[in-house]
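Input: a single structure, listed below in structure tokens.
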Amino acid sequence: MTADHVEAAATSIGAATLSIKSIFISSVPLLAIALACHTEWAQASGVPTTLTQSMLEGGLRTILQLSLLGSLLLPIFQANSPFLVVGYVCFMVTLAAYEASSRTTYQIEGQFPIILASLATNVGWVVAWAFGVIVRPKPVWWNPRYVIPIVGMLLGNSISAVSLSLDNLTKALVEQREEINLWLSLGATPPEAMRRLIRNAIQVGTTPIFNTMRVIGVISIPGTMTVSSALP
């Protein structure tokens, strides 16, 4: 699948196309911010030095993934095979679990398989409910036009929520160890000793989701919807 084929297919459905040059140009502001984080003023203001590395890494990965997105997804959409769709969804879930579990300041043993099982279970039943009861895509349930975008949106929100909650909880376990030991010495059970920490972690992880839900109809969806049909 060549770039010309991808562009021709995108044009045929009325989608706007971006060249590699345009994608690189769009990264100029990000590079400027990354360089600004390395100035003496930024260091004196407390800006972490790892911020520049994170920006550059994220920007390069974004450019690479956007460059390969059409070539990767177009064959799956054209083949309309349940094996390809399910295989790609499993790849998405695995990668999302890895990203969510690797962003924590402290690592606990076995957190990747726990996150993987959690994401697979939650996304699985939500997708089953959506496609089995609500959407019911035609002519087949594995229609990639519905399955891949919805799973992608679910995983995109889940990565942020899970990584924030897990990072907050692991930090609390390490940095507030004395408080946990105090509760245990007073006769509290492990769930009781960690109740406040778990509550705080859940609140931190769900805050971005609730913020999005409050403005989804006037900001989030209009910000992502296509306008090609309205163009002359």
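We did not get these values from a lab; they are worked out from the coordinates using the rules stated. All of these numbers come straight from a predicted model, not from anything done at the bench. All Cβ positions, glycine included, derive from the backbone under ideal geometry; neighbour counts span all protein chains shown.
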(Q) Once you place label points 7 Å from the Cα toward the Cβ at Ala36 and Phe210, how far apart are they in nm? (A) 3.2 nm
Q.
I need the phi-derived Karplus couplings for the range 91-103: 6.51 cos²θ - 1.76 cosθ + 1.60, θ = phi - 60°, integer Hz, Gly and Pro marked x.
A. 5, 4, 5, 5, 5, 5, 5, 5, 5, 5, 7, 8, 8
Q. About its Cα centre, how strong a charge dipole does the range 113-219 have in debye, to the nearest 20, once Lys and Arg get +1 and Asp and Glu get -1 at the Cβ?
A. 520 debye
Q: Count charges around Glu192 for me, please; just the other residues with Cβ under 15 Å from its Cβ, Lys/Arg as +1, Asp/Glu as -1.
A: +2
Q. Viscosity 1.567 mPa s, temperature 4 °C: Stokes-Einstein D of the range 125-170 from its Kirkwood Cα radius, in µm² per second?
A. 109 µm²/s
Q) Using only Cα atoms, what is the ratio of the radius of gyration of the range 81-232 to 2.2 N^0.38 Å? A) 1.30
Q. Which loop chymotrypsin sites (Phe, Trp or Tyr not before Pro) in the range 61-129, with loop taken from DSSP, have no more than 12 other Cβ atoms within 10 angstrom of their Cβ?
A. none
Q: Rank-order 109-117, 147-155 by packing density, defined as the average count of other C-beta atoms within 10 Å over each peptide's residues, highest first.
A: 147-155, 109-117
Q: Pop the C-beta distance of Arg199 and Glu179 into the FRET formula with R0 = 22 Å and round what comes out to the nearest 0.05.
A: 0.95
